[in-house]
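Visitor: Dumping the structure here so I can ask a few things about it.
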Amino acid sequence: MNIEKKKTSPALFVRQVRQELQKVTWPQRRDTFISSALVILLIILFSLFFLLTDQIWSFSIRKIIEIGSGF
């Protein structure tokens, strides 16, 4: 099986890239802002969740160690 690949000239390649970029539907500024704000909000919420979870586990493990060392 001999498959020959046709070479594309740089000018044709650039033309094809421009044609494809014209087909792209770019998001509106408002959509980008809303998406970014949502990502930042979720990062803050997950950070607080993991901070709280870490504090609870840390407290629990400390208490278990204190109980164990008391005997």
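The values are calculated or read from the model by the stated rules, or taken from the named source; none is laboratory data. Keep in mind that what you see is a predicted model, and the values were worked out from it rather than measured. Cβ atoms come from the backbone with ideal geometry, glycine included; neighbour counts cover every protein chain shown.
Visitor: Give all pairs with beta carbons closer than 9 Å in which a residue from region 31-44 that is surrounded by 10 or more Cβ atoms within 10 Å (Cβ to Cβ) meets a residue that is modelled with pLDDT under 95; count only pairs at least 6 apart in sequence or on separate chains.
Guide: From residues that are surrounded by 10 or more Cβ atoms within 10 Å (Cβ to Cβ), the pairs are SER35/PRO27.
Visitor: Listed residues GLN16, GLN55, GLN22; which is surrounded by fewer than 10 Cβ atoms within 10 Å (Cβ to Cβ) and either modelled with pLDDT of 95 or more or not basic (Lys, Arg) (or both)?
Guide: Details: GLN16 fails: surrounded by fewer than 10 Cβ atoms within 10 Å (Cβ to Cβ); GLN55 fails: surrounded by fewer than 10 Cβ atoms within 10 Å (Cβ to Cβ).
Residue meeting the stated conditions: GLN22.
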